[in-house]
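Trainee: Got a structure for you, questions after.
The values are calculated or read from the model by the stated rules, or taken from the named source; none is laboratory data. Keep in mind that this is a model prediction, so the values were computed, not measured. When we count neighbours, we look across all protein chains shown, and the Cβ atoms used for this are built from the backbone with ideal geometry, even at glycine.
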Amino acid sequence: MTETNPPMLAVAGLRKAFGGLAAVSDATFDVPRGRITGLIGPNGAGKTTTFDLISGRHRPDGGRVRFADADLTGLASHLVARAGLVRTFQIPRAFPRLTVWENLLFAGADQPGESFWHGVIGTRAARARERALADEAGDVLSFLDLEHVADLPAGGLSGGQRKLLELGRALMCRPRMLLLDEPFAGVAPALIRHLVEHLVELRDQGITLLIIEHDLGTLVPLVDRLVVMHLGSVLASGEPARVRDDPRVLEAYLGGIGGRG
Amino acid sequence: MIGWLAFAAFFLTNVGIYGILALGLNAQYGLAGLANFGYVALFAAGAFTAALVLVPPSPAASPETATAVAGGLGLPFPVALAGAAAVGGLFALVMGAVSLRLGGHSLAIVTFAFAQIFGAFLAGEDWLTGGQFGISPVPQPLRGLVGSAVDYLFLYLGVTLVIVAGCFWLAERAAGSPFGRVLRGIREDETAARSLGKNTGSFKLSAFVLGGVLAGLAGAMWVGSIGSVHVGQFVPIVTFNVWLAVLLGGIGNNRGVLLGAFLLICIREGTRFLEGIPFLAAASAGNPSLLPSLRYVIIGLALILVVRFAPRGVIPERLRGRGQAAPPEQIPATEERR
Amino acid sequence: MDVLFQTLVYGFATGGVIAVAAVGLTLSFGVTGFINFGYGELLTVAAYTTYVLTEAGLGLLPAAAAGTAITSAVAVGVARTCYQPLASRGPLPLLITSIGVAFVLQNLVRIGFGGEPRGFPAPTWTPWQLGGVFIPKLQTVIFLVAGVCMLGVHLLLRHTLLGRTMRAAASNEDLARLSGLDTRRIVLVTWVASSLIAGLGGVLLGASQGDITPSVGFEFLLLVFAAALLGGIGQPYGAMLGALLIGLGVEFGAAYVSANYNYALAFGVIVLVLLARPGGLFGRGGGNAVPSEGGTP
Ligand SMILES: Nc1ncnc2c1ncn2[C@@H]1O[C@H](COP(=O)(O)OP(=O)(O)OP(=O)(O)O)[C@@H](O)[C@H]1O
Ligand SMILES: [Mg+2]
């Protein structure tokens, strides 16, 4: 793949330690615009922590995060999301006592009704935006095949459904780029195929995707590019075929099972 | 007969005042999940503000005033209400700005401490608050409108109910709006809410201020109903009375917490009838603090039992599903869809 | 000079009492995971039972010992009936329940003894005189007793198997459970230890204040919280240091500024510490002791 465009996301030298443990020691990689990139590595490699650093959940000890030509390093997570970079969580964090429907509407951006007076009075602008969000949420529900559970509290969903809701909520933010943390884990196999199609569809709409996933059989055919992490730093990155054949990657996976798994 | 009616009016006025308090705490805890253990400070701030607005400029001129206060503003009741609401909100803003960065335990401790300190301030600053004696008498609001004292009780009940209705409307609208939805999301999972682009700190502060405004209003209504105010009325148990109303009625449900306020006042006033039990009447003759203490024991037990056996309260929070959205065919959406 | 020295001694005595209570509070927090708002009432119960037993003719020391034991029995009973069933429901239900317990206990004491202050049977010693400086004897003894208690806690935590398992359970309950520790038993033992310390704290509090009322413990609680937070909740050694600082601050504030604002001082300390270092002054930077996100009830 040629890299004529500037990357959508560029991280350089990200570092983070928890107590004495270096969870991420040197994460450096680019994510090309409008493509699907996979982020893989053995358990504990630091993939989720990397997402936490990019998305502003944790402040990095060092390094840079550039997104669409803006420097996001250390920015608060709600500002990162508003910049168009939205993440999901490995362990889904749906709002358990809100309905699926409300979970989706919650994430809608630019709702003037979120200010107290607009909300209480129910201004025209707030109502119009609410209708638009309801349409979007309806689309997301059918897109993810969640229509039948729309009125249920999210706490009652199955693990797979929660993963889907997590994705749906992120979509309601109108992201330019998605960071998906193990989107297929726990999702029924039939639905995974369906979900893969939808992720491709999202890419075709121009959304950039960075996906952490252990299910390599599903992930690798889907991605345009792979980044491999091991022990907190990036081991290899590039086209899937090249990366897969990299001897260091093989060793990390095999060694990883014995060493840190 | 008149006695019973007067009692009923007084009783319901109390329910109304605690109802407003419960609506306010529900905005903070029920909606946004913010455990305010110093809620009574906001109530007290409103009450003292209202008293200072209502008391005439030089109360020292009248011989029966026991107060050391230099004098109030002598302004009409609506000004007192507005002032109490504003000061309640302002106090909540300060309290929240200091404490809301902290979660769970620390928030509870800091707010609790805040109320204790505010109590010390109210007791210590005689020139403003009348110290231990407080401010007394505070002119009865709108007293000129009716003749007899009993009629006035009913008038005041009417005013209280109107204000409760207004507060209920405000709280309901806020809870059902996108504003309330964001708060409920923050309550469930603040990290997730932030990752979806919501500035959770400012939302929490808004919920806190809303609660403070309602507590301030309740303070003004309280002063008007009692006709005096002093620091001893604002002890920590008041905070937890309101908590009991919210927990009992239904966390997150505005109708529920109003019912909770009613049940709370039933418990409180009901314990007055303990005097009718001969054994207790005899015992309390020798120990004047027996019955009030017994009341607190009952309230403490109620807190323990509700948390243990009825954590969602009498009327649990209701789910808001798809049916709540406006029918899409009414007005076509203006924004283009993805 | 005289005032300075006396204030110092009073500060150490008050700090010692706070330290005893704060260590007891923080021990129970470490294992049960919630801040016990009913802890102050354990001090009250201990002070009153000691008072009653001396009225009944017992000497101060046996009365204090029996009072402490009774307090511990009350605490364990409360923990068994009220707190243990809620253990899996997160901190807030426990917090509210502990408030309920506080009101029940405090008002049972008030029903029993009325609201008026009772004179605590502390010995009336004349101060020592050392070259023109008066040293209050009672305060010195209070501080020494508190110091011995701290030493005991230290030995328990560092040098007994029980203490080590308590610390393990406090730092990570899941881990402790996985490694086969009997957490239920540890929780029980911690309650016993923490309430025995509360009992001693109550006796010392009564002695240092002279008069006791049914709300003596509840009012003291704020200082205890301040000390515990200053040291980092759940960290006994931090709490000891925090308590000495608060005790000195309170006594110097009362002697040189105004007695009205003792609590304001404590409060200011709480807020500053929490904002600057959520893990406490002596705690781990921002560790897991104070959860700062996701206030789900
Ligand atoms: N908040 C935290 N506090 C302490 N240690 C952490 C924290 N988050 C992650 N770690 C540690 O950092 C290391 C990297 O964790 P991370 O979750 O990033 O791995 P991962 O690559 O996502 O693994 P997995 O594939 O299992 O999800 C692990 O050793 C983990 O225990
Ligand atoms: Mg992970």
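Trainee: Does any residue of segment B:118-140 turn out to be within 28 Å of B:Arg320 (Cβ to Cβ) and away from chain A (no Cβ under 14 Å)?
Mentor: Of the residues in segment B:118-140, the ones within 28 Å of B:Arg320 (Cβ to Cβ) are none.
Within segment B:118-140, none of the residues are within 28 Å of B:Arg320 (Cβ to Cβ) and away from chain A (no Cβ under 14 Å).
Trainee: Which condition from (1) within 14 Å of chain A (Cβ to nearest Cβ); (2) of a type outside the set (D, E, K, R); (3) free of Cβ contacts under 8 Å to residues at least 40 places away in the same chain is the one that B:Gly276 breaks?
Mentor: (1)
Trainee: Separate question: Considering only segment C:1-51, how many residues are modelled with pLDDT of 95 or more and surrounded by fewer than 24 Cβ atoms within 10 Å (Cβ to Cβ)?
Mentor: Summing the residues that are modelled with pLDDT of 95 or more and surrounded by fewer than 24 Cβ atoms within 10 Å (Cβ to Cβ) in segment C:1-51 gives 2.
Trainee: Now for a different question. Working only within segment A:199-218, note down all residues that are more than 14 Å from the chain's Cα centre (by Cα) and among the aliphatic types (A, V, I, L, M). Working first, answer last.
Mentor: Let us first name the residues in segment A:199-218 that are more than 14 Å from the chain's Cα centre (by Cα), namely A:200-201, A:204-206, A:214-218.
Residues satisfying the conditions are A:Val200, A:Leu216.
Trainee: Please work out which residue is farthest from the other protein chains (Cβ to nearest Cβ), limiting yourself to segment A:217-234 and to residues that are more than 12 Å from ligand 1 (Cβ to nearest atom) and farther than 17 Å from A:Pro32 by Cβ.
Mentor: Per the criteria, the residue is A:Gly217.
Trainee: Of all residues in segment A:81-102, which are more than 8 Å from chain B (Cβ to nearest Cβ), crowded, with 24+ Cβ neighbours inside 10 Å and either under 23 Å from A:Val65 (Cβ atoms) or without any contact (Cβ under 8 Å) to a residue 12 or more places away in the chain (or both)?
Mentor: The answer is A:Leu85, A:Thr88.
Trainee: Among the residues of segment A:30-67, write down those that are more than 16 Å from ligand 2 (Cβ to nearest atom) and either within 14 Å of chain B (Cβ to nearest Cβ) or among the aromatic types (Phe, Trp, Tyr) (or both).
Mentor: A:Gly56, A:Arg59, A:Phe67
Trainee: Quick test of your reading of the structure: A:Val187 fulfils all but one of (1) more than 14 Å from chain B (Cβ to nearest Cβ); (2) more than 14 Å from ligand 2 (Cβ to nearest atom); (3) not in a loop (DSSP other than H, G, I, E, B). Name the failing condition by number.
Mentor: The number of the failed condition is (3).
Trainee: Which residue pairs have Cβ atoms closer than 7 Å, lie 6 or more positions apart in sequence or on different chains, and pair a first residue in segment A:40-68 that is near ligand 1 (Cβ under 8 Å from one of its atoms) with a second residue that is among the aromatic types (Phe, Trp, Tyr)?
Mentor: A:Pro42/A:Tyr253
Trainee: Just to be sure before I move on: is C:Thr71 in a helix (DSSP H, G or I), more than 9 Å from chain B (Cβ to nearest Cβ) and not hydrophobic (A, V, I, L, M, F, W, C) in the structure I sent? Spell out how you get there, then give the answer.
Mentor: Numbers: in a helix (DSSP H, G or I): yes; more than 9 Å from chain B (Cβ to nearest Cβ): yes; not hydrophobic (A, V, I, L, M, F, W, C): yes.
The answer is yes for C:Thr71.
Trainee: Okay, moving on. Could you list, in sequence order, all residues of segment B:214-233 that are surrounded by fewer than 24 Cβ atoms within 10 Å (Cβ to Cβ) and either farther than 16 Å from B:Phe77 by Cα or hydrophobic (A, V, I, L, M, F, W, C) (or both)?
Mentor: Initially, segment B:214-233 is screened for residues surrounded by fewer than 24 Cβ atoms within 10 Å (Cβ to Cβ), giving B:225-228, B:230-233.
If the condition is that a residue be surrounded by fewer than 24 Cβ atoms within 10 Å (Cβ to Cβ) and either farther than 16 Å from B:Phe77 by Cα or hydrophobic (A, V, I, L, M, F, W, C) (or both), then B:Ile226, B:His230, B:Val231, B:Gly232, B:Gln233 are the ones that fit.
Trainee: Now a separate question. May I ask you to say which residue of B:Leu259, B:Leu263 is over 14 Å from B:Phe43 (Cα atoms), touching a Gly at 6+ places or on another chain (Cβ under 6 Å) and surrounded by fewer than 24 Cβ atoms within 10 Å (Cβ to Cβ)? Walk me through how you get there before you give the answer.
Mentor: Working: B:Leu263 fails: touching a Gly at 6+ places or on another chain (Cβ under 6 Å).
Answer to the selection: B:Leu259.
Trainee: For segment B:76-101, enumerate the residues that are in contact with a helix residue (DSSP H, G or I) (Cβ under 8 Å, 6 or more places away or on another chain) and more than 17 Å from B:Leu214 (Cβ to Cβ). Quick ask: steps written out before the conclusion?
Mentor: At the first step, the residues of segment B:76-101 found to be in contact with a helix residue (DSSP H, G or I) (Cβ under 8 Å, 6 or more places away or on another chain) are B:77, B:79-81, B:83-93, B:95-101.
The answer is B:Phe77, B:Val79, B:Ala97, B:Val98, B:Ser99, B:Leu100, B:Arg101.
Trainee: Step by step: first the residues of segment B:188-198, then only those that are at the interface with another protein chain (Cβ under 7 Å from one of its Cβ atoms) and in a helix (DSSP H, G or I), then the one that is surrounded by the most Cβ atoms within 10 Å (Cβ to Cβ). Which residue is that? Break it down stepwise before answering.
Mentor: At the first step, the residues of segment B:188-198 found to be at the interface with another protein chain (Cβ under 7 Å from one of its Cβ atoms) are B:188-192, B:194-198.
With in a helix (DSSP H, G or I) added as a condition, the list becomes B:188, B:190-192, B:194-195.
On the way: B:Glu188: 24, B:Glu190: 24, B:Thr191: 16, B:Ala192: 25, B:Arg194: 23, B:Ser195: 28.
Among those residues, the one meeting the criterion is B:Ser195.
Trainee: Moving to a separate point now. Which ones in segment A:173-190 are among the aliphatic types (A, V, I, L, M), within 16 Å of ligand 1 (Cβ to nearest atom) and more than 18 Å from A:Leu146 (Cβ to Cβ)?
Mentor: Selection gives A:Leu179 alone.
Trainee: Inspect all residues belonging to segment A:192-210 and state whether any of them is within 16 Å of ligand 2 (Cβ to nearest atom), within 20 Å of A:Arg225 (Cβ to Cβ), at pLDDT 90 or above and surrounded by 23 or more Cβ atoms within 10 Å (Cβ to Cβ). Lay out the reasoning, then the answer.
Mentor: Let us first name the residues in segment A:192-210 that are within 16 Å of ligand 2 (Cβ to nearest atom), namely A:210.
Subsequent filtering for residues that are within 20 Å of A:Arg225 (Cβ to Cβ) retains A:210.
Checking which are at pLDDT 90 or above leaves us with A:210.
Checking the rest, the ones that are also surrounded by 23 or more Cβ atoms within 10 Å (Cβ to Cβ) come to A:210.
Within segment A:192-210, one or more residues are within 16 Å of ligand 2 (Cβ to nearest atom), within 20 Å of A:Arg225 (Cβ to Cβ), at pLDDT 90 or above and surrounded by 23 or more Cβ atoms within 10 Å (Cβ to Cβ).
Trainee: Quick check on C:Thr190: is it over 19 Å from C:Tyr263 (Cα atoms), in contact (Cβ under 8 Å) with a residue 12 or more places away in the chain and of a type in the set (Ser, Thr, Tyr)?
Mentor: Criteria met by C:Thr190.
Trainee: Ok, one more. Taking segment A:154-172 as the search range and keeping residues that are under 20 Å from A:Asp52 (Cβ atoms) and within 16 Å of ligand 1 (Cβ to nearest atom), which one is nearest to the other protein chains (Cβ to nearest Cβ)?
Mentor: At the first step, the residues of segment A:154-172 found to be under 20 Å from A:Asp52 (Cβ atoms) are A:162-163, A:166-167, A:169-170.
Then drop every residue that is not within 16 Å of ligand 1 (Cβ to nearest atom), which leaves A:163, A:166.
Numbers: A:Lys163: 14, A:Glu166: 9 Å.
Per the criteria, the residue is A:Glu166.
Trainee: Ok, one more. Name the residues in segment C:109-136 that are of a type in the set (Gly, Ala, Ser) and surrounded by 13 or more Cβ atoms within 10 Å (Cβ to Cβ), would you?
Mentor: Residues of segment C:109-136 that are of a type in the set (Gly, Ala, Ser), as a first pass: C:112, C:114-115, C:119, C:122, C:131-132.
Of everything in segment C:109-136, those that are of a type in the set (Gly, Ala, Ser) and surrounded by 13 or more Cβ atoms within 10 Å (Cβ to Cβ) turn out to be C:Gly112, C:Gly114, C:Gly115, C:Ala122.
Trainee: Right, another one. Restricted to segment B:46-69, and to residues that are among the small types (Gly, Ala, Ser) and touching a Leu at 6+ places or on another chain (Cβ under 8 Å), which residue is modelled with the highest pLDDT?
Mentor: Looking only at segment B:46-69, we keep the residues that are among the small types (Gly, Ala, Ser), and these are B:46-47, B:50-51, B:58, B:60-62, B:66, B:68.
The next check asks that each one be touching a Leu at 6+ places or on another chain (Cβ under 8 Å); those that pass are B:46, B:50.
Values: B:Gly46: 96, B:Ala50: 93.
Result: B:Gly46.
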